[in-house]
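Report on the following structure.
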């Protein structure tokens, strides 16, 4: 992993469409990309304007609603922002406002901390900013590494 100090950035929102069932402030989701059923939809650009693999949080629900063949009860316009992701990293990298590039070297799927070492929403090879240091790892690492629990967001 590489570290570099970054400046503070403001959280920006983006308008998109999500399934009406998910259109509630605070709902978090990983955008998985366009599905074949979207090919003939007239509003597909409004639904598929997020970055695949990233984690988002619904901030505001708008009144605009569209019929949708993918989502039960249609799709609703919402404002989303990229959501912070909880991740375990080495202590020397756990510096607020630093840029890191997570590496996924552990493949121990049975480890209690696996989901924190390889959380959904982190795209390998991309840079992230450490926005908060939450403390020590909640469990002992099976590989014996000292780890810190942090929140990150895309750089």
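For (1) without any contact (Cβ under 8 Å) to a residue 24 or more places away in the chain; (2) more than 17 Å from the chain's Cα centre (by Cα); (3) closer than 13 Å to residue 86 by Cα, each residue gets a yes or a no:
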residue: 105; (1), (2), (3): yes, yes, no
residue: 114; (1), (2), (3): yes, no, yes
residue: 117; (1), (2), (3): no, no, yes
residue: 126; (1), (2), (3): no, no, no
residue: 137; (1), (2), (3): no, yes, yes
residue: 141; (1), (2), (3): no, yes, no
residue: 146; (1), (2), (3): no, yes, no
residue: 151; (1), (2), (3): no, no, yes
residue: 154; (1), (2), (3): no, no, yes
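Would a scan of the stretch 52-61 turn up a residue that is under 21 Å from the mean Cα position of the chain (by Cα) and loosely packed, with under 13 Cβ neighbours inside 10 Å? Before the answer, list the steps.
Looking only at the stretch 52-61, we keep the residues that are under 21 Å from the mean Cα position of the chain (by Cα), and these are 52-61.
Within this subset, residues satisfying the condition of being loosely packed, with under 13 Cβ neighbours inside 10 Å are 52.
Within the stretch 52-61, one or more residues are under 21 Å from the mean Cα position of the chain (by Cα) and loosely packed, with under 13 Cβ neighbours inside 10 Å.
Entry remark, the stretch 62-110: residues being touching a helix residue (DSSP H, G or I) at 6+ places or on another chain (Cβ under 6 Å) and crowded, with 19+ Cβ neighbours inside 10 Å number 3 in total.
Please verify whether the stretch 130-152 includes one or more residues that are modelled with pLDDT under 95 and either closer than 30 Å to residue 35 by Cα or assigned by TED's automatic domain parsing to the domain that holds residue 18 (or both). No, the stretch 130-152 contains no residue that is modelled with pLDDT under 95 and either closer than 30 Å to residue 35 by Cα or assigned by TED's automatic domain parsing to the domain that holds residue 18 (or both).
For the stretch 9-16, the condition of being within 30 Å of residue 91 (Cβ to Cβ), touching a strand residue (DSSP E or B) at 6+ places or on another chain (Cβ under 7 Å), modelled with pLDDT under 90 and exposed (fewer than 12 other Cβ atoms within 10 Å of the Cβ) holds for none of the residues. Residue 92 falls short on exactly one of the conditions (1) assigned by TED's automatic domain parsing to the domain that holds residue 135; (2) modelled with pLDDT under 95; (3) in a loop (DSSP other than H, G, I, E, B), and that condition is (3). Can you tell me which condition residue 153 does not meet? The list is (1) over 24 Å from residue 30 (Cα atoms); (2) out of contact with any helix residue (DSSP H, G or I) (no Cβ under 8 Å at 6 or more places or on another chain), and all the others hold. It fails just one condition, (1).
Cβ-Cβ under 7 Å, sequence separation 6+ or interchain: first residue in the stretch 59-82 and at positive phi and touching a residue at least 12 places away in the same chain (Cβ under 8 Å), partner surrounded by fewer than 16 Cβ atoms within 10 Å (Cβ to Cβ) and outside any strand (DSSP E or B). Which pairs? These pairs meet every condition: 73/21; 74/67.
The values are calculated or read from the model by the stated rules, or taken from the named source; none is laboratory data. Keep in mind that what you see is a predicted model, and the values were worked out from it rather than measured. Cβ coordinates were reconstructed from backbone atoms using ideal geometry, including for glycine residues, and neighbour counts include every protein chain displayed.
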